[in-house]
Amino acid sequence: MLATYHNHTGYSDGKGAVDDLIASARKLGVGELGISDHYTLFPTGRVIEWSMKLDRLDEYVAEITAAKEATEDVAVRLGLEVDWFPGCADAIRAALGDHPYDYLIGSVHFVDEFPIDSYAEDWQRLSVDERDDMHEGYWRRIISLAESDLFDIVGHVDLTKKFGFYPRRDLTALVGEALEAIADTRLIVELNTNGWHKPCDDAYPTVDILRGCKRRGVPVTLSSDAHDPAHLVRDFDRGTQRLLEAGHKAVARFAERQVRFDPLT
């Protein structure tokens with residue numbers, strides 16, 4: 001059964017409504033559809049234009065819950081892609097409330113005020129050392145994300161490569177530390193095919209990182225990070241091959257914050 005969890009609607013920066021994603025899932029043969037719009041509780045109160053308005057969370061949950069109840073041929077799942085900021089676990093937990101989420105994706109889009117994936121020009125303005133500092137800061141935030149005990153999935157885990165600015169420093173040990181933290185807290189890493197459509201021309205994460213997940217017993221799931229209903233399973237064949245190349249045999253499925261596993265092929 002096809003399943004996809006990292007998908008966006010017009011509640012954040014997606015093009016379609018909830019019903020549009022469900023209709024596309026039906027057309028594409030998706031049996032399990034997760035909707036996970038951006039939710040960003042910035043520590044300074046900064047408003048992020050591509051993220052859901054914070055006061056719309058109840059509305060969002062209500063619409064997706066109603067869709068779950070009304071849709072028989074597609075299993076709709078309630079998710080969120082939540083931005084992680086160190087030291088903010090209690091505030092994020094309180095803001096998310098006790099809604100019946102099926103899963104939560106934790107992602108890092110900012111190192112302090114620096115936007116990781118907004119524009120290539122942001123990276124171009126940095127010196128080589130400053131870029132390395134951003135890469136290092138990113139992976140340290142992935143470690144604290146894992147340790148927060150808030151999430152089920154780590155989103156696009158090597159996002160800093162998006163614009164093709166790779167670190168000069170050897171961060172192998174730090175990446176390994178992050179994967180150990182992910183393993184210790186039993187998080188799932190997604191193979192996110194959207195990276196194949198970004199300047200880096202590479203899915204998130206690399207084969208080497210996926211192999212590192214396999215060695216540590218970190219499970220995986222497969223996502224397209226769709227912002228257009230037509231892209232729900234874009235490059236899933238290619239993503240499946242990457243997961244198999246890295247040694248993975250199963251993918252995670254989610255319902256009511258519980259995980260099950262289906263064979264990859």
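The values are calculated or read from the model by the stated rules, or taken from the named source; none is laboratory data. Quick caveat, the model's predicted, so the values are computed rather than measured. Virtual Cβ from ideal backbone geometry, glycine too; neighbours counted across all protein chains shown.
Quick notes on this one:
- Failed condition for residue 234, given (1) closer than 28 Å to residue 120 by Cβ; (2) in a strand (DSSP E or B); (3) of a type in the set (Lys, Arg): (2)
- Close pairs from the stretch 136-148: first in contact (Cβ under 8 Å) with a residue 12 or more places away in the chain and buried (at least 18 other Cβ atoms within 10 Å of the Cβ), partner part of a helix (DSSP H, G or I) and hydroxyl-bearing (Ser, Thr, Tyr), Cβ under 9 Å, at least 6 apart: 138/160; 139/160
- Residue check for residue 91: closer than 30 Å to residue 2 by Cα, loosely packed, with under 13 Cβ neighbours inside 10 Å and without any contact (Cβ under 8 Å) to a residue 60 or more places away in the chain: no
- Selected residue [assigned to a helix (DSSP H, G or I), in contact with a strand residue (DSSP E or B) (Cβ under 8 Å, 6 or more places away or on another chain) and not acidic (Asp, Glu)] from 61, 82, 76: 61
- Odd one out for residue 93, checked against (1) part of a loop (DSSP other than H, G, I, E, B); (2) within 20 Å of the chain's Cα centre (by Cα); (3) basic (Lys, Arg): (1)
- Residue that is surrounded by the fewest Cβ atoms within 10 Å (Cβ to Cβ) [pool: residues in the stretch 208-242 that are without any contact (Cβ under 8 Å) to a residue 40 or more places away in the chain and either on the phi > 0 side of the Ramachandran plot or of a type in the set (S, T, N, Q) (or both)]: 217
- Residue selected from the stretch 48-58 under the condition among the hydrophobic types (A, V, I, L, M, F, W, C) and part of a loop (DSSP other than H, G, I, E, B), by the criterion surrounded by the most Cβ atoms within 10 Å (Cβ to Cβ): 52
- Of all residues in the stretch 136-161, those satisfying the criterion of being assigned to a loop (DSSP other than H, G, I, E, B) and not aromatic (Phe, Trp, Tyr) are 148, 149, 150, 152, 155, 156, 157, 158.
- Against the test of being over 18 Å from residue 256 (Cα atoms), surrounded by fewer than 16 Cβ atoms within 10 Å (Cβ to Cβ) and out of contact with any strand residue (DSSP E or B) (no Cβ under 9 Å at 6 or more places or on another chain), the options 29, 45, 10 yield a single qualifying residue, 45.
- Condition met for residue 205 (surrounded by fewer than 24 Cβ atoms within 10 Å (Cβ to Cβ), in contact with a strand residue (DSSP E or B) (Cβ under 8 Å, 6 or more places away or on another chain), at pLDDT 95 or above and under 23 Å from residue 36 (Cα atoms)): no
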